[in-house]
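Everything below concerns the one structure shown next.
The values are calculated or read from the model by the stated rules, or taken from the named source; none is laboratory data. Because the structure is predicted, anything quoted here is derived from the model rather than measured. No Cβ is skipped: glycine too gets one built from the backbone with ideal geometry, and neighbour counts run over all protein chains shown.
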Amino acid sequence: MRENLKIGLFGFGCVGGGLYEILNKSNLLDASIKKICIKDPSKDRSIDSSNFTTNKADLLEDDEINLIVELIDDADAAYEIVVEAFKKGKNVVSANKKLIANHFAELKELSEEYGVSFIYEAAVCGSIPILRNLEEYYNNDAISAVYGICNGTTNYILTRLVNENKSFDEVLKNAQELGFAESDPTLDIEGFDSQFKLQILIAHAFGVIVKPEDILRFGITKIQESDIKFAKEKGLRIRLLSRAEKVDDTITGLVAPHFVDEEDATYGVNNEFNAVTVKGLFADKQLFQGKGAGSYPTGSAVLSDVSAVRYNYKYEWRKIKENSLNFNNDFAVKAYISTTEFLALDGIEFLSVEESFIGLDNSYKVGLITREELLRIAESKANVSVVLFQDPIHDGTALNQKLINIQKN
Ligand code: HSE
């Protein structure tokens, strides 16, 4: 049955403003925004001040409002709002990846307990309809991998650093002006945003709920000009990939810059575009591509969720309920590790080395390395950059057994 929606909107920034315009421009939906709750009433806004309040109770206590759309950047404040909304029996649409990734199990259970819709397509890859597809379409085929570019800001920066003679800070500033970056852009450039999105993708693709901080994470801040030159010379490009793979009966996930070649779907994905590949046992690879950040693209995903609430759509989370998989952090991958301080390379332990170079300005090694060693690099302050290859992820237990066998013989 269709519901007539009265929306209480939290946040009127890039995405909230985009949603307001889209809703008013398209007369497609029988939904209207009743009130908008904002933090700072002194800001200049494009619509009349009578639309706004700073008191969240004006929305949460209003019985006529049956849908809360939460588009604020403060994940802690968002948590309070969403939980309160559930308790009042209100449906919630959110784009807050940090909130969802950090409280996944709890918010899922609470929304079920109160029988309300809690959907968040806009939280992962902006305009790309990946979550509902993972929920509804990929229900039978066994998914073996989900990976791709999940952050528009870093992809925009990486694209422009290669094509133009601009500094990192200059390009990041452009990404902020265009409304792609988070209020705190550290979340983008250090890979946290991609980590949150991968947490959500893993839950919907494989039914595994993992703590976001358990996903190995590298951002793009340590990438040097020499790394970009290395990629160019080999006909490769660097892309920040969120990557989840089924290795035997476990799921492995990581976020890191990767070298991609011309054959790879992400090679030609530039600027704020995102792309997610879903690999199924029978369907093989399928690519979803679209704008991953920005006012209208993200607003369009929110609109789609609003429309779905009209039909009482809820995620079933069937894969989570039937899940038999575990998250496994014992793995090894092929990596390129480079540094301006060549002595730092000696302290890094590789399982095997394929290529090694010592130069005046920069030195590097390419080889197989464990997750444990990568974590040590991630946590150290050393000026070391890590770029992975797309070769398969090796299961650590199997690898150790192989090494034991080699030593025995
Ligand atoms: N800061 C995010 C990005 C916004 O750049 O992808 C969309 O989630």
Near pairs, Cβ below 9 angstrom, 6+ apart or cross-chain, from the stretch 25-43 (assigned by TED's automatic domain parsing to the domain that holds residue 15 and free of Cβ contacts under 8 Å to residues at least 24 places away in the same chain) to any residue that is in a strand (DSSP E or B) and surrounded by 10 or more Cβ atoms within 10 Å (Cβ to Cβ): 41/52; 41/53
Among (1) surrounded by fewer than 24 Cβ atoms within 10 Å (Cβ to Cβ); (2) closer than 20 Å to residue 376 by Cβ; (3) more than 14 Å from the chain's Cα centre (by Cα), the one test that residue 209 misses: (2)
Which numbered condition residue 305 misses (of (1) at pLDDT 95 or above; (2) over 30 Å from residue 30 (Cα atoms); (3) in a helix (DSSP H, G or I)): (2)
Tabulated pairs, the stretch 325-346, first more than 20 Å from residue 238 (Cβ to Cβ), second part of a loop (DSSP other than H, G, I, E, B), C-beta under 6 angstrom, 6+ apart or interchain: 325/208; 327/208; 327/210; 331/393; 332/351; 344/382
Selection count, the stretch 319-342, where residues are among the charged types (D, E, K, R) and in contact with a Ser or Thr (Cβ under 9 Å, 6 or more places away or on another chain): 2
Selection within the stretch 55-78 - in contact with a helix residue (DSSP H, G or I) (Cβ under 7 Å, 6 or more places away or on another chain) and surrounded by 20 or more Cβ atoms within 10 Å (Cβ to Cβ): 65, 67, 68, 69, 70, 71, 72, 78
Some residue of the stretch 345-366 being part of a helix (DSSP H, G or I) and under 18 Å from residue 226 (Cα atoms): yes
Near pairs, Cβ below 7 angstrom, 6+ apart or cross-chain, from the stretch 154-169 (free of Cβ contacts under 8 Å to residues at least 12 places away in the same chain and not assigned by TED's automatic domain parsing to the domain that holds residue 221) to any residue that is among the aromatic types (Phe, Trp, Tyr) and within 14 Å of the ligand (Cβ to nearest atom): none
Subset of the stretch 123-163 (residues that are β-branched (Val, Ile, Thr), away from the ligand (no atom under 16 Å from the Cβ) and surrounded by 19 or more Cβ atoms within 10 Å (Cβ to Cβ)): 143, 146
Some residue of the stretch 295-318 being among the basic types (Lys, Arg) and within 16 Å of the ligand (Cβ to nearest atom): no
Residue in the stretch 170-196 that is surrounded by the fewest Cβ atoms within 10 Å (Cβ to Cβ), counting only those that are part of a helix (DSSP H, G or I) and touching a strand residue (DSSP E or B) at 6+ places or on another chain (Cβ under 6 Å): 195
